[in-house]
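This report refers to the structure that appears directly beneath it.
The values are calculated or read from the model by the stated rules, or taken from the named source; none is laboratory data. As the structure is a computational prediction, the values presented were derived from the model and not from experiment. Every residue, glycine among them, receives a Cβ derived from its backbone with ideal geometry; neighbour counts consider all protein chains shown.
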Amino acid sequence: MTNCKYLKQKFNRTLECKKQKKIINIRECNCCPLCEWTTKDNNSNIKKRTYKQSKKEKQRYSIIYKDLSKCCVEGCLTPYYNVEKNEVYEGAKRSASIKYGFVCPFCKIHHEQFHNDREFALFYKRLFQQEFEKEYSRNEFLNIIHYNYLK
């Protein structure tokens, strides 16, 4: 389908041109001199964040890594502007990860590896669970994350 701003699809799956006020086919619309193309707003696909959520994301910290501007993988020399802060326990546990400091700084390459390589991700999940259990009990970790990675 074209991005003509005058083109409208009806319920019976026919196309209507609002400018010409008649039912047309797609070829007619592509050749139409009245056709005006719409541009898609790039921000429309970005999920809107609430003020509280964006404030939490800006105040992220890590219980293991003090400097979140360097990639945490040993030997990685990525510049600080290419580093992304990643929550170790993602999905429904993302807000708990932000609250308790389960955040890792990864460069783009290691961030992708974290999401694609299960063993790589499990290493960091176990590491953060061990660090959390130095100060709190395992039951508290299970109440927060609901899964034990140190079996």
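Data for the structure
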quantity: First in segment 126-144 and under 19 Å from GLY91 (Cα atoms), second anywhere and exposed (fewer than 13 other Cβ atoms within 10 Å of the Cβ) and modelled with pLDDT of 95 or more, Cβ under 7 Å, 6 or more apart; calculated: LEU142/ASN148
quantity: Residue check for GLY75: within 24 Å of HIS146 (Cβ to Cβ) and at pLDDT below 95; calculated: no
quantity: Test: GLY75 is on the phi > 0 side of the Ramachandran plot, exposed (fewer than 13 other Cβ atoms within 10 Å of the Cβ) and out of contact with any strand residue (DSSP E or B) (no Cβ under 6 Å at 6 or more places or on another chain); calculated: yes
quantity: Cross-chain or 6+ apart pairs with Cβ under 8 Å, segment 42-60 first and assigned by TED's automatic domain parsing to the domain that holds ILE98, then of a type in the set (A, V, I, L, M) and modelled with pLDDT of 80 or more; calculated: LYS56/ILE98; GLU57/ILE98; ARG60/LEU68; ARG60/ILE98; ARG60/VAL103
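A quick yes/no check of all residues on (1) under 25 Å from TYR80 (Cα atoms); (2) surrounded by fewer than 17 Cβ atoms within 10 Å (Cβ to Cβ):
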{"position": "GLU112", "(1), (2)": "yes, yes"}
{"position": "GLU119", "(1), (2)": "no, yes"}
{"position": "PHE128", "(1), (2)": "yes, no"}
{"position": "LYS134", "(1), (2)": "no, yes"}
{"position": "LEU142", "(1), (2)": "no, yes"}
{"position": "ILE145", "(1), (2)": "no, no"}
{"position": "LEU150", "(1), (2)": "no, yes"}
